[in-house]
Amino acid sequence: MQAVIDVGGVGYGMSISLVTYDQLPVLGEEVLLFTHMHVREDRMELFAFADEGEREVFEMLISVSGIGPSLALTILSGMTQRDLQEAIVHERVSELTGIKGIGKRTAERLVLDLRDKVSLSADVSEGKRQDETGSNISEEAAMALMALGMTSSEARQTVRKAIERNGSDLTVQQLIKLALKER
């Protein structure tokens, strides 16, 4: 996915994840994005992120052999940062292979290369956003949505959006209803 940002009359094309796309303001409004310039022999590419945490995860992903910037964006679009970190820390290769372009070998390499790095940063980048008491309720709601046919990452992302918009003091049933409306 691409976004064009006007900086003093010059338009810069930047590749973005779906997470960043969801956080962009309406056309013409000011926006702050965190960028990464990827330089290769034949081209330079700009990648933009809504927050520094997403950029850091992107940079960790591209440090893994076999994962380029396009695949890293696909991974960030297919899973929330927290789900990705949990999948890596808990070595859930099957969750990672659910993302388009990630095979078993690549998923195993991701886990092997990033397990130590992610476990150190998991609480710093995402943990502060998640209330520990509400994590069991959100996990139950996500599991119910998966039973209804959603993928793991889609269910968790939908539940998080419902919590962000409606607060965290919800029952599992209320959360499921709101998450289904979010979809």
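The values are calculated or read from the model by the stated rules, or taken from the named source; none is laboratory data. Just so we're clear, the structure is a prediction, and the values are computed from it rather than from any experiment. Every residue, glycine among them, receives a Cβ derived from its backbone with ideal geometry; neighbour counts consider all protein chains shown.
Counting only residues that are in contact (Cβ under 8 Å) with a residue 60 or more places away in the chain, in contact with a Leu (Cβ under 7 Å, 6 or more places away or on another chain) and within 22 Å of ARG165 (Cα to Cα), segment 1-56 holds 2 of them. In segment 93-106, the residues that are of a type in the set (Asp, Glu) form Cβ pairs under 7 Å with partners that are outside any loop (DSSP other than H, G, I, E, B) and surrounded by 13 or more Cβ atoms within 10 Å (Cβ to Cβ), at six or more places apart or across chains, as follows: GLU95/ALA87; GLU95/SER152.
Does GLU54 satisfy the criteria of being assigned by TED's automatic domain parsing to the domain that holds ASP113, within 29 Å of ASP83 (Cβ to Cβ) and in contact with a strand residue (DSSP E or B) (Cβ under 7 Å, 6 or more places away or on another chain)? The answer is no for GLU54. Take the conditions (1) closer than 19 Å to MET79 by Cβ; (2) at pLDDT 90 or above; GLY66 misses just one of them, which is (2).
Does LEU33 satisfy the condition of being in contact with a Pro (Cβ under 9 Å, 6 or more places away or on another chain) and among the aliphatic types (A, V, I, L, M)? In short, no. In segment 156-169, what residues are modelled with pLDDT under 80 and either polar (S, T, N, Q) or crowded, with 20+ Cβ neighbours inside 10 Å (or both)? ARG156, SER168 - these are the residues of segment 156-169 that are modelled with pLDDT under 80 and either polar (S, T, N, Q) or crowded, with 20+ Cβ neighbours inside 10 Å (or both).
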